[in-house]
Amino acid sequence: MTKGLDIKEAAGRLCKTPRWLRTWLSKHPVDAYGVPYCSQLGRTKVFSEGDVARILDATRVAPCRLSSLTAFTVPIPRKTKAR
């Protein structure tokens, strides 16, 4: 049996603060399959290594597809003097 992690330890594994993890969990309580990201024992949230890995996977950022648009420039209208 693996040792459970409290919120401080789980946040440390993610290189984040416990406050960040609590906020993230309030916005994302379950994964895409409806499985909670942690176990709730009373008021204490307990995480397994697998839970931490699933949180890390859920927070992966997709590469920006708009990076190719930086090659296009929008002309800036010039101010002309009134004659």
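Among 81, 45, sorting on how many other beta-carbon atoms sit within 10 Å of each Cβ, with the fewest leading, yields 81, 45.
Local charge for residue 29 was computed over the other residues whose Cβ lies under 13 Å away, with Lys and Arg +1 and Asp and Glu -1, and equals +2.
Pairwise inverse Cα distances across the range 7-60, averaged and inverted, put the Kirkwood hydrodynamic radius at 11.1 Å.
Partner aspartates and glutamates whose Cα lies under 17 Å from the Cα of residue 16, excluding those fewer than 8 positions away in the same chain, are identified as 6, 49, 51, 57. Other residues lying with their Cβ under 11 Å from the Cβ of residue 3 contribute a combined charge of -3, Lys and Arg counting +1, Asp and Glu -1.
We did not get these values from a lab; they are worked out from the coordinates using the rules stated. Because the structure is a prediction, the values reported are computed rather than measured. For neighbour counting, all protein chains shown are included, and Cβ atoms are generated from backbone atoms with ideal geometry for every residue, glycine included.
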